[in-house]
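Input: a single structure, listed below in C-alpha cells.
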Amino acid sequence: MNNRFRTRNRAGISAAVLAVFFLASSAVPAAVPAAKNETAGYMNHETLSASLRGLVSGHKNLARLQSIGKTREGRDIWLLEIANAAGVPPGQRPALFVGANFEADQIVGSALALHLARHLLENYARDPEVKRCLDEQTVYIAPRMNPDGAEDMFASVKTGRRTNLSPRDLDNDGRTDEDGPEDLNKDGVITVMRVESPDGRYIADPEEPRLLRRAEAGKGEKGVYKVFWEGRDMDGDGFIAEDPPGGTDINRNFTHAYPYYQPDAGPHMISEAESQALMDWIVARRNVAAILTFGASDNLVVPPDRTGRLGPERGIDLLRFAEESVTDAAKTGMFQTGSPFGRFGRMAGGGFFDPSMLALFQRSAQPEQTGRPRMPARNPAVTVNAADIEYFRAIGETYVELTGIRRLPPVREAKGAFFQYGYFQFGVPSFSTPGWGIPAPAPQRAATPQAAGRTPTPAAERPAMAAAGGGAQFMRQMMAGRGAETAAAPAAASGIDREMLKWMDAEGIDGFVSWTKFKHPELGEVEIGGFKPHALSNPPASALPGLGEAHAKFALHLLSHFPRVRFASTDVTAHGGGFFHIKAEIENSGFLPTALAQGVASRGSRPIMVQIQVPPDDVIAGNPKTNFLSALDGSGRRAKFEWLIRGKPGDKVEIRVVSQKGGADTASVVLR
C-alpha cells in the first residue's frame, strides 16, 4: 500500500484533520483484528513486546532480548538472539538474521518472525534439527524494524503508510506535514476518490467496473475520471493530501541502490534512527552468514533471472493513479535558478545538489585538466553476480515448495532495501519475501515465469547461465511512491488490481470499499472507494499459523544450507632427521560456498584461514604457516594444504581452519 500517508498528531496537522481522525470509527477490520493474545493475530507494539519478553523468560538458556535503538516516539527496536549459550559463543557462530516490518504496513512479517522464534524455542528439546541448529548456529530476529509506523495499522483510521514519523516537507513549501489525508466518509480507512471530469485520464475497467484503467487515446477512448487521495486541499496549493505527516520508508533508506531525492527514502542514506540502529548492529556481527527479510519486495518466488535482475513489480493501478495527482506538488515551492541539473540542482536558500553529476563531469574532464589518463570507472554492481544466481534460484525453488506460494501479492521494485545491502555490500545470501501469496489463476496462455510472477523453470531444465550484464538497473517503482510516473512518462505495466479483487471476492475478504457518492467541499460530487490499505499488504489473520509453520521450515532449511568447513583428512609422513611431511584436506560439506562471488568482490566476507600450530621457523617448505582462501564452494568441495616441518617424533601438531561463515575445526596429527 502507498507509503505517503501518516496520521500522527504532530505539529503542522490542521485541527480539522485531527478532528476527523479522533471521530473516526475505532473498529479494527477483519483482516487486521485487535490482538487479544500472542496467537490471536496481528500485534501492536505493546503486545509484541510482551510476547517477546514472555518467550525469553520461558527459555532463558536459549534466548536473549535486547533493544538496539529507540524510535522517534521512544519505542524499542527489539532484537532477539536465539542460540544455546553453551559451547562456542553465539556471536562467533554462523548466524541467520531475520528482519521484518521495515515497511510500516507489512505487519505480516512481524507475525512470521515471531512464529519462527516460538518454533525454535519450543521445539529445541524435541526436534533434533532445531537442536543442532541452536547448538551450532545462531538466529537473530528483529521482528519490527519500524515500530512507530506499524502502529498506524492499529489506529482508528488506517492510512496504509509505509514510513516512520520523521517530518518531511513533501511539497517543498517550507512547511511539514500540513496537508494529509482525511477519512471523509468516516469508514476508518483512507482510500481514493474518483471524480468525473472532461479532462480525466481514466475510465471504468470494462471487465471489472469497480476498477479503473487508463484511457487509450490510440483506441479512441476518452478519459472520464480523475483520481485523488481521499482528503481535501488543506493548504490551498491545488493538490490534495500531498504533504501528509512523516516520514521515511526504512526499507528505502539503506546504502545500495539508494533512491536519491525520493522523499520517502529520507534526506540521505541511513538518516533514520531505525536504519542507523540496524547498521550499527550488523557491521559488528560479521558472523551473519545469510539474511531473510519479510517486506514489500521479492527474490524468492521469482528469483533473479539469468542476467541477475530481479522479477517485475506487481503494482496497484488505483494507487498509482492517485499518486499521479500529486507528482508535481514538490515543484510549487521551488525557486528555480536555471541549474543545469534540473529539478534536483541548486536551489535558492540552499537545497539539493546531485554529487554524482559533479563526479561525472570531473571524470570526463580529468585527462584534459590533470594530464593523467582517465581511470576506467567501476560502477556498483546492480545485478546478482552470474556465479551466485544458481544459489538464489535453487533456494527460491525450495521456498516455493515449502510455502506453496506461487503467486505474489503486490510487490515493488527494491531500492535502498536492507536485503540489497546484505547481498551487494555485506556480501551474504540475502532474501526477501512478502511472506504470503494469492492463488494463481488458471493458465490461459504460455508466459515466461518472470512475466507471470511465478517460479522459474527447475534447475535441471535451465540452460547455462549468461554472465550478468549492465543496462538498466531495474524496472520503475510500483507501489505508487513519490517516484511515480508523470503523464509524460512511459506507461507503467498494468497493475494487478483485478487479481487482488478477484481473490478478495473468492475468499470473502472485506478489502475493497464500494464507490459511494460524497459531496466534496472543493471538487463537488465525488465517489470514494478502492482498496483498504491493510488488505493489500497483509493476509487475513487466520492464515498466519499455516504461513508461520511454512516459513519456520524454510528458515531451518536455509540454516541447513550454511557452509560447514571441516577437516576431511590429514596425513603425516616421517622423512628422518626430524623432518615430517603433513598433508591436510578441508571440505565444505554445506550447500552454500563460504563466500558468494559478490561477497569476495565486495570484501564482505573474510577469507578462510588455515593455520598449522608450529613456530614459523619450523615450516621448511610447502604452504606457509598461515594460509588464506578467498572462498570454498559447497557440496563437498575440498582444498589441500601441505607442509614440510621440523619436529620431534611423538609431538602432537594441531591444524586449525576458521571460516567466518562456515564455522571452525581443529585436527591433530602425531609426528611419527
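Among the residues of the range 215-233, those identified as charged (D, E, K, R), buried (at least 18 other Cβ atoms within 10 Å of the Cβ) and over 15 Å from F531 (Cα atoms) are K226, R232. The set of residues from the range 85-113 being assigned to a helix (DSSP H, G or I) and more than 16 Å from I291 (Cα to Cα) comprises P90, Q92, I107, V108, A111.
When the range 238-264 is filtered for residues that are closer than 20 Å to L319 by Cβ and of a type in the set (S, T, Y), only T248 remains. Here is the figure for the range 116-154: residues that are farther than 30 Å from D249 by Cβ, part of a helix (DSSP H, G or I) and not basic (K, R) total 10.
Scanning the range 236-261 for residues that are over 21 Å from A100 (Cβ atoms) and among the acidic types (D, E), we see that the one that is surrounded by the fewest Cβ atoms within 10 Å (Cβ to Cβ) is D237. Of the listed requirements (1) within 30 Å of F426 (Cβ to Cβ); (2) in contact with a strand residue (DSSP E or B) (Cβ under 8 Å, 6 or more places away or on another chain), P624 misses just one: (2). Residues considered: D305, D264. Of these, the only one that is crowded, with 24+ Cβ neighbours inside 10 Å and out of contact with any Cys (no Cβ under 6 Å at 6 or more places or on another chain) is D264. Only residues that are more than 20 Å from L559 (Cα to Cα) and not in a helix (DSSP H, G or I) were counted across the range 582-603, and they come to 6.
Within the range 155-182, can you find the residues that are more than 14 Å from D249 (Cα to Cα), open to solvent by 10 Å² or more (accessible area, probe 1.4 Å) and modelled with pLDDT of 75 or more? Steps first, please.
First, the residues of the range 155-182 that are more than 14 Å from D249 (Cα to Cα): 155-159, 169, 171-182.
This time we only want the ones that are open to solvent by 10 Å² or more (accessible area, probe 1.4 Å), so: 155-156, 169, 172-176, 178.
A155, S156, listed by residue number.
Open to solvent by 40 Å² or more (accessible area, probe 1.4 Å), at positive phi and modelled with pLDDT of 95 or more, is that true of G87? I'd like the intermediate steps shown before the answer.
Values: open to solvent by 40 Å² or more (accessible area, probe 1.4 Å): yes; at positive phi: yes; modelled with pLDDT of 95 or more: no.
So G87 fails the test.
Taking the range 540-579 as the range and being open to solvent by 50 Å² or more (accessible area, probe 1.4 Å) and touching a helix residue (DSSP H, G or I) at 6+ places or on another chain (Cβ under 6 Å) as the test, only K553 passes. Any residue in the range 61-79 that is modelled with pLDDT of 95 or more, hydrophobic (A, V, I, L, M, F, W, C), under 22 Å from the mean Cα position of the chain (by Cα) and open to solvent by less than 10 Å² (accessible area, probe 1.4 Å)? Yes.
Say whether the condition of being of a type in the set (A, V, I, L, M, F, W, C), modelled with pLDDT of 95 or more, assigned to a loop (DSSP other than H, G, I, E, B) and more than 30 Å from V600 (Cβ to Cβ) is met by at least one residue in the range 484-496.
Step one: filter the range 484-496 for residues of a type in the set (A, V, I, L, M, F, W, C), giving 484, 487-489, 491-493, 496.
Within this subset, residues satisfying the condition of being modelled with pLDDT of 95 or more are 496.
Cutting the leftovers down to assigned to a loop (DSSP other than H, G, I, E, B) gives us 496.
Next, only the ones that are more than 30 Å from V600 (Cβ to Cβ) stay: 496.
Yes, the range 484-496 contains a residue that is of a type in the set (A, V, I, L, M, F, W, C), modelled with pLDDT of 95 or more, assigned to a loop (DSSP other than H, G, I, E, B) and more than 30 Å from V600 (Cβ to Cβ).
The values are calculated or read from the model by the stated rules, or taken from the named source; none is laboratory data. Keep in mind the model is a prediction, meaning the values are calculated, not measured. Here the Cβ is made from the backbone with ideal geometry for all residues, glycine too, and neighbour counts use every protein chain on show. Remember, those area values only see protein heavy atoms, side chains included, never the ligands or the DNA or RNA. Shrake-Rupley method; radii C 1.70, N 1.55, O 1.52, S 1.80 Å.
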